[in-house]
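Heads up, the thing below is written out as structure tokens.
Nothing in this text is a laboratory measurement; each read-out follows from the coordinates by a stated rule. Since the structure is predicted, the reported quantities are computational estimates derived from the model, not experimental observations. Neighbour counts are summed over all protein chains in view; Cβ atoms, including those assigned to glycine, are modelled from backbone coordinates with ideal geometry.
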Amino acid sequence: MLFNSIEFFVFFPIVTVLYFILPHKFRWAFLLFASCIFYMAYIPVYILILAVTIMIDYFAGMWIEDSQGRARDLFLFISILSTCLVLFIFKYLGYALDSTS
């Protein structure tokens, strides 16, 4: 779904209205669900990649909260590295390979 498509023109107002109608404690789950729907509109199988990064970041956040010192830094580094690695692989790897050959 592109930002300038009819689908987005319908999707965005519905999500916005539902967000403000829902009780505050359910908004985060709704936004997660709506984000996944938006992401799956382009290529549905990519939700698996998004699910892996969501889980890594979620658990890293929990471990960061429970840890101290260098362990905290390590979990933050793992979270940032995994997210950037997925971005690099799917967005820039083809360009980087084409540029080096």
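Quick check on segment 1-42: take the gyration tensor over C-alpha atoms, sort the square-rooted eigenvalues as a ≥ b ≥ c, and tell me if it's rounded (a/c under 1.5), prolate or oblate. Please list the in-between numbers first.
On the way: a/c = 4.23, a/b = 1.68, b/c = 2.52.
The shape class here is oblate.
Which of the helices in the chain, when you take each full DSSP H run, stretch at least 18 Å along the axis at their Cα atoms and have an average Kyte-Doolittle score of 1.6 or higher?
Details: long enough: 6-21 (23 Å, 2.30); 24-40 (25 Å, 0.98); 47-66 (28 Å, 1.54); 69-87 (28 Å, 1.42).
Membrane-span-like by this criterion, though nothing is claimed about a membrane: 6-21.
Where the convex hull is taken over the Cα atoms of segment 62-101, what is its projected area averaged over directions, in nm²? Mind showing how you got there, number by number?
Values: hull surface 13.5 nm².
Averaged projected hull area, Cα only: 3.4 nm².
For volume of the Cα convex hull per residue in Å³, several values are listed as (i) 130; (ii) 92; (iii) 140; flag the one computed from this structure.
(i)
Assuming R0 = 22 Å, can you tell me the calculated FRET efficiency for the pair Ile89 and Ser5, based on Cβ-Cβ distance, to the nearest 0.05?
Working: r = 26 Å, r/R0 = 1.18.
The value I calculate is 0.25.
For a protection proxy built on the mean count of beta-carbon atoms within 10 angstrom, sort 1-11, 47-57 highest first, please.
Values: 1-11: 11.4, 47-57: 13.3.
Ranking, from highest mean packing down: 47-57, 1-11.
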